[in-house]
Amino acid sequence: MNTRRTPRMLWLLLAGTLLAAGCTTPMDPRKDARLQNAAYTTNRPVVRPTRSVSSFSDSLMCMDHMLRAAQVPTTLITSKQVIDYSSRVPVAAKDMIVTALSQMSRVSNAFRYVDYEVDIVRQDTVQNLTTILLNNNLMQLQRPALYVSGAIAFVDQNVVTNRFDAGTSASRLDTGYSQNRTATVIGLEMHLGDFRTRTLIPGLDSANEVVIGSGSQGLDVAGRIGSYGVNFNVGRDYALGAGGAMRTLIDLATIELVGKWARVPYWQCLTLDQTHPDFQRQMRDWYDESGGVGQAQLVQSSLIAQGYLQTGADVLAMDSPALRTALAQFQIDNLLVPTGVLDFNTYERAMRHFVALGPDGALQRVGWGPSGPTGAMAEAKAGAAPVRTSSLSLTATAPPPRVIDMQLENTLPPGMEPTFEVGEQIFVSATVSRTSHMYCYFADAGGNVMRLTPNMVTPHSLVAAHQAVRLPDWLVPNPAFIMDASRPGTERVACFASESDAMPRLPAPLQGSALVNIQGYRSIEDVANAFGQGLGEGGYVQSGLHWKVIPKKAQPAPATAPQAATR
């Protein structure tokens, strides 16, 4: 027997006995109270949430304005579940379709999605209540005109694989290096169908593919010093997710289907420079290299160029209320989370209109870039360290004009003067090019004028840029008012927009309640004169529509909210 091992074995036996005795004693959770109390804050995210975007997010907004310009009437649409037969892309594709259609309808009101689920497994409380109400004739479900059908056609994993491994070995040192790269192809097929006949419309299809990849690098080092060994390894990896790839495919497919169905030049929205796959990565590089004050000055110059800040404003501190307000308004208009804080997403949205593809196909800055120091080193005070001034700025441009775009949403024969019968409902929409305070008025053929918005249901006058204001709001069950053709003659609707709240500077009669006749005002011109006296000729913009009202014919068909049949 080896007596040298006896003390070591006794120590191991004693340690095991003590450990077993400790395990039999229950732990006291009160001793962990301080640790557990930190879970409330530790469980919070450390990065601000951001909007989910794809390479075609700007293309969706472009389609929205294109559909409005084409006066495409509101159409009811729904979709089937987008099935993934490979079970390798677990994403909510149907909800991505809903989001894409919604983003193409913010201004144009082109689509309204009919949300109805027949799959028992996917039904929830809302669906169960809908079924009960439908079975008892207490709810009317509108039949959609179109539906979207599609599936993830294939997922070919690791189509291309590149591997490299190398290593060395010596008596006391071993090293190894590895590099792996793979590429996977995802294919999506989508179609548009006529819901009434449940037939897929020939030619209204989309079949696109996208590649997602992954890569890794690793270094291993192992050494020996005497009888001891040391191991060291380091690596880095990346993997392009399937979620972002699927959103890109669905946005692209939805644009193609809608563009072909509406017969609009949708390809103009797909050739934007912002659809370049490296657009956001290049913007990120520029964002990181500009840094700090440079980013603030660039974004401020962009906000001035786009009319969110006054021209010629001095450089504002990042905590300036004026700059935070301008940032928040800009973020709202560009579908960002309105934090009023400059982050990469705000920077990217503010600078994207100053980027273009060069002749070599690379992204280039337009009108901005590092131009060197604007002056010499500032003289230090009392021995303080000198500070170099920032040198990043945009080429000076005039702010875009404030423009109101108004449109009759009723379906009318092309080229015909708008004409309605007495009692027929009229639907109007208005958008403004910049975030503004907007006020809309109605004047009938009898010389009565009333304010439509703001009103008791929508009391705020501030309207985000390119946000459609519906007069009346036919998308809500209980709008504040209904606009009927009242008497034969000419009726008008006009909207006025200003940078600040104009109500306190208007005459007392115009500050009264909405949807009642304004005493002393007989026409839209009287309202325009009041705005001119209160805000000055350059303090507001105006736009309007008019239509002719004729006597009611025998038994006319009642008007409904704008809808359209399948094209």
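Summary of values
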item: Which numbered condition GLN142 fails, given (1) within 34 Å of the chain's Cα centre (by Cα); (2) farther than 19 Å from ILE97 by Cβ; (3) surrounded by fewer than 14 Cβ atoms within 10 Å (Cβ to Cβ); result: (2)
item: Selection from segment 512-550 of residues that are in contact with a Pro (Cβ under 9 Å, 6 or more places away or on another chain) and within 18 Å of SER500 (Cα to Cα); result: ALA530, GLN533, GLY534, VAL541
item: Qualifying positions in segment 217-232 - over 10 Å from SER178 (Cβ atoms) and not charged (D, E, K, R); result: VAL221, ALA222, GLY223, ILE225, GLY226, SER227, TYR228, GLY229, VAL230, ASN231, PHE232
item: Single residue of SER102, SER59 found to be under 27 Å from PRO144 (Cα atoms), in contact with a Cys (Cβ under 8 Å, 6 or more places away or on another chain) and at pLDDT 90 or above; result: SER59
item: Exclusive hit being at negative phi and loosely packed, with under 12 Cβ neighbours inside 10 Å, set ILE225, ILE255, ILE250, ILE212; result: ILE225
item: Some residue of segment 182-201 being in contact with a helix residue (DSSP H, G or I) (Cβ under 7 Å, 6 or more places away or on another chain), farther than 30 Å from LEU240 by Cα and assigned to a strand (DSSP E or B); result: no
item: Any hit, segment 247-269, residues being free of Cβ contacts under 8 Å to residues at least 24 places away in the same chain, out of contact with any Ser or Thr (no Cβ under 9 Å at 6 or more places or on another chain) and either part of a helix (DSSP H, G or I) or assigned by TED's automatic domain parsing to the domain that holds MET104 (or both); result: yes
item: For LEU35: the one exception among (1) surrounded by fewer than 17 Cβ atoms within 10 Å (Cβ to Cβ); (2) under 15 Å from the mean Cα position of the chain (by Cα); (3) farther than 24 Å from GLY243 by Cα; result: (2)
item: ARG522 among the basic types (Lys, Arg), over 17 Å from VAL403 (Cβ atoms) and buried (at least 17 other Cβ atoms within 10 Å of the Cβ); result: no
item: Out of ASP220, ASP156, sole residue that is acidic (Asp, Glu), in contact with a strand residue (DSSP E or B) (Cβ under 6 Å, 6 or more places away or on another chain) and either without any contact (Cβ under 8 Å) to a residue 24 or more places away in the chain or within 27 Å of VAL82 (Cα to Cα) (or both); result: ASP156
item: Residue within segment 139-150 that is part of a strand (DSSP E or B), out of contact with any His (no Cβ under 8 Å at 6 or more places or on another chain) and of a type in the set (A, V, I, L, M, F, W, C) present; result: yes
item: Residues of segment 497-516 classified as surrounded by 15 or more Cβ atoms within 10 Å (Cβ to Cβ), in contact (Cβ under 8 Å) with a residue 40 or more places away in the chain and either not assigned by TED's automatic domain parsing to the domain that holds HIS460 or not in a helix (DSSP H, G or I) (or both), total; result: 5
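The values are calculated or read from the model by the stated rules, or taken from the named source; none is laboratory data. Quick caveat, the model's predicted, so the values are computed rather than measured. A quick note on method: Cβ atoms are made from the backbone with ideal geometry, for glycine too, and the neighbour counts reach across all protein chains shown.
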